[in-house]
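J.: Got a structure for you, written out below as structure tokens; questions coming shortly.
The values are calculated or read from the model by the stated rules, or taken from the named source; none is laboratory data. Here the structure is a predicted model, which means the values were calculated and not measured. A quick note on method: Cβ atoms are made from the backbone with ideal geometry, for glycine too, and the neighbour counts reach across all protein chains shown. Protein only, heavy atoms only, side chains kept; ligands, DNA and RNA dropped before computing areas. Shrake-Rupley method; radii C 1.70, N 1.55, O 1.52, S 1.80 Å.
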There are 2 protein chains.
Amino acid sequence: MTDLKNRLSNYQEEINTAIDQYLPKQNSMPPIIHEAMRYSALSKGKRIRPILALETVNMFSNEYKKAMPAAVAIELAHCFTLVHDDLPSIDDDDLRRGVLTNHKVYGDGMALLAGDALLIDAFRVISDFQKPLEVVPTVISLLSNALSSNGVIGGQVVDILAEKNSLKHDYENLKYLHLNKTAKLIQASVLIGAEISQVERSKINILKDASEKIGIAFQIKDDLLDVLGDVNKIGKNIGRDEELGKLTYPKVFGITQAKKMSDNLKFESIDLLKQIDNSDKLIEIFEFLVDRNF
Amino acid sequence: MTDLKNRLSNYQEEINTAIDQYLPKQNSMPPIIHEAMRYSALSKGKRIRPILALETVNMFSNEYKKAMPAAVAIELAHCFTLVHDDLPSIDDDDLRRGVLTNHKVYGDGMALLAGDALLIDAFRVISDFQKPLEVVPTVISLLSNALSSNGVIGGQVVDILAEKNSLKHDYENLKYLHLNKTAKLIQASVLIGAEISQVERSKINILKDASEKIGIAFQIKDDLLDVLGDVNKIGKNIGRDEELGKLTYPKVFGITQAKKMSDNLKFESIDLLKQIDNSDKLIEIFEFLVDRNF
């Protein structure tokens, strides 16, 4: 576990340095937007998605640095979703990653624009820095499809509709929600790593299934932590899902069953990964996604 | 003028058909977000930016259809900026393109997400449909840089700061505002057309200067129409700039001088375009951008 901790911590440090490098400088005109962008993009995140991309590349070649622009882009896009989700017109959250949410510091209008700019910069960073150039269209296709109204945004919409009881709190909607809101970007992170490594189709298909399963398991764990977690460890308020009337696994299946479902998805996912040589480090990270307590 | 009118109208029709084709179907899950996206993307816009891209391609090859995915992407990105600008936390506008703004119909949260999804789809459409593949990184770089915090978003930030009197209402800030908020996306539209046509650097440099000038002139005209225009023709409320205390050319220079500055930029821009063979049709459109009364 200490090895994994160090490994994650090294990745986090390199990713943070790269985010700092690829974002516009804090004092570039107009400074306030760059301050707001950096406030959220450089806050203390786990960097799970970019780490998944880098670790996937490492599984095939040890040349993970070549995927750094795409990894940064994935994290910027993820930060965009957080900044917008926290806005008053969506979840109206005050706390994120242990600090005040973006709009609580910079105001609603500036937070909206900072979120927009982070999303735009995700695509700017890939198109300006990702090499080799021939993988750029695929990387952008994977990222944009995962984020789209048939992905993260679609999941967010169902999340809101479920809160308002405009959608049934049933398993079908729950599956849609977790697949789209969370699993698709987790999956895209792994697949972007695989595409940058230019590996064969059969391996990509295995990674596709494995990463979808772990992505859903990861969101179930997030639901569980919202009930059982410690605010000081997870850096956001606890019990918000219940408060907002959200559609979650613990709500539909109860805590014990939700935990079992999450573990089962983890085991299935890892069984798939075992079919690929040299996958032990990626497996450790997959395990961490579900076994973590923050 | 009738020829130009027909020409614009033909382009508009083809662009609308393509937007309809590339956006997710109205009934795809979850339908409400796709309805909201289509409401704004298929509203009665002039389609100036995608037309500039297509007309630039036509100047070099008559094969404008090859640029259609990029043209659609440019318009989707432009629609994203409008939907977010109209939100209560920014300009709080009720009327756009002659109909209620997105949030007035779908609510603030859904409009926020619809704007996000339109922006994401801009990049999705280019990466999934634009050919040849080798121009995709350049097209995405041009679009994302133009939209970024050093482009449209940066301009939008200065717009808000000027409204709040947090920035001087002087010529320097005014130039920054019009260059970034408006000219850069106009310029990117022309340059995307040129890059898809794979023309030589010297011509791209001319187009770069010409399109920046016409982009600024276009925004000065927009400022003038907000004072002098007819709400039934321009489809948004008149006098809003004054009401919101916006930084505009008429405000800093007066109406007569602003008109002169806009015309001068137009003439300089057209003089540049005349250096390129077969540019007469693009020149007509440049003239229209400043001579229009809607």
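J.: If you check residue B:5 against the conditions, is it of a type in the set (D, E, K, R), within 13 Å of chain A (Cβ to nearest Cβ) and surrounded by fewer than 13 Cβ atoms within 10 Å (Cβ to Cβ)? Steps first, answer last, please.
T.: Numbers: of a type in the set (D, E, K, R): yes; within 13 Å of chain A (Cβ to nearest Cβ): no; surrounded by fewer than 13 Cβ atoms within 10 Å (Cβ to Cβ): yes.
For residue B:5, the condition - of a type in the set (D, E, K, R), within 13 Å of chain A (Cβ to nearest Cβ) and surrounded by fewer than 13 Cβ atoms within 10 Å (Cβ to Cβ) - is not met.
J.: Would you tally the residues in the range A:129-151 being crowded, with 24+ Cβ neighbours inside 10 Å, touching a residue at least 12 places away in the same chain (Cβ under 8 Å) and either at the interface with chain B (Cβ under 7 Å from one of its Cβ atoms) or small (Gly, Ala, Ser) (or both)?
T.: 5
J.: Give the range A:36-54 a look and list any residue that's in contact (Cβ under 8 Å) with a residue 24 or more places away in the chain and charged (D, E, K, R), or say none. Talk me through it step by step, then tell me what you get.
T.: Within the range A:36-54, the subset in contact (Cβ under 8 Å) with a residue 24 or more places away in the chain is A:36-37, A:39-54.
The answer is A:44, A:46, A:47, A:49.
J.: Kindly provide the set of residues from the range A:264-279 that are in contact (Cβ under 8 Å) with a residue 60 or more places away in the chain, surrounded by fewer than 19 Cβ atoms within 10 Å (Cβ to Cβ) and within 14 Å of residue A:208 (Cβ to Cβ), ordered by number.
T.: Selection gives A:275 alone.
J.: Could you say whether any residue in the range A:203-222 is within 14 Å of chain B (Cβ to nearest Cβ), open to solvent by less than 50 Å² (accessible area, probe 1.4 Å) and within 19 Å of residue A:265 (Cα to Cα)? Before you say what the answer is, go through the steps one by one.
T.: The initial filter retains those residues of the range A:203-222 that are within 14 Å of chain B (Cβ to nearest Cβ), namely none.
Looking for residues that are within 14 Å of chain B (Cβ to nearest Cβ), open to solvent by less than 50 Å² (accessible area, probe 1.4 Å) and within 19 Å of residue A:265 (Cα to Cα), one finds none in the range A:203-222, hence no.
J.: Continuing with this model, one more query. Residues B:234, B:270: which one is more than 18 Å from the chain's Cα centre (by Cα) and within 21 Å of residue B:49 (Cβ to Cβ)?
T.: Step by step, each of B:234, B:270 is checked, and only B:270 is more than 18 Å from the chain's Cα centre (by Cα) and within 21 Å of residue B:49 (Cβ to Cβ).
J.: Tell me, please, whether a residue that is closer than 30 Å to residue B:99 by Cα, of a type in the set (D, E, K, R) and open to solvent by 20 Å² or more (accessible area, probe 1.4 Å) can be found in the range B:171-179.
T.: No, the conditions are met nowhere in the range B:171-179.
J.: Let me ask you something else. Mind checking which residues of the range B:97-128 are touching a residue at least 24 places away in the same chain (Cβ under 8 Å) and among the polar types (S, T, N, Q)?
T.: Correct list: B:102 only.
J.: Could you check, for the range B:176-185, whether at least one of its residues is aromatic (Phe, Trp, Tyr), out of contact with any strand residue (DSSP E or B) (no Cβ under 7 Å at 6 or more places or on another chain) and more than 24 Å from residue A:28 (Cα to Cα)?
T.: Step one: of the range B:176-185, the residues aromatic (Phe, Trp, Tyr) are B:176.
Next, only the ones that are out of contact with any strand residue (DSSP E or B) (no Cβ under 7 Å at 6 or more places or on another chain) stay: B:176.
Among the residues that remain, those that are also more than 24 Å from residue A:28 (Cα to Cα) are: none.
Taking every residue of the range B:176-185 in turn, none turns out to be aromatic (Phe, Trp, Tyr), out of contact with any strand residue (DSSP E or B) (no Cβ under 7 Å at 6 or more places or on another chain) and more than 24 Å from residue A:28 (Cα to Cα).
J.: Let me ask something else about it. Could you tell me whether any residue of the range A:152-168 is open to solvent by 40 Å² or more (accessible area, probe 1.4 Å), touching a residue at least 60 places away in the same chain (Cβ under 8 Å) and either polar (S, T, N, Q) or away from every other protein chain (no Cβ under 13 Å) (or both)?
T.: yes
J.: If the requirement is being farther than 23 Å from residue A:68 by Cα and surrounded by 18 or more Cβ atoms within 10 Å (Cβ to Cβ), which of these qualifies: A:228, A:247, A:185, A:282?
T.: Exactly one of A:228, A:247, A:185, A:282 is farther than 23 Å from residue A:68 by Cα and surrounded by 18 or more Cβ atoms within 10 Å (Cβ to Cβ), namely A:247.
J.: Tell me which residues, restricted to the range B:190-202, are open to solvent by 20 Å² or more (accessible area, probe 1.4 Å) and part of a helix (DSSP H, G or I).
T.: Within the range B:190-202, B:195, B:201, B:202 meet the criteria.
J.: Is there any pair with a first residue in the range B:206-230 that is in contact (Cβ under 8 Å) with a residue 60 or more places away in the chain and a second that is part of a helix (DSSP H, G or I) and basic (Lys, Arg) whose Cβ atoms are under 6 Å apart and which are 6 or more apart or on different chains, and what are they?
T.: B:217/B:266
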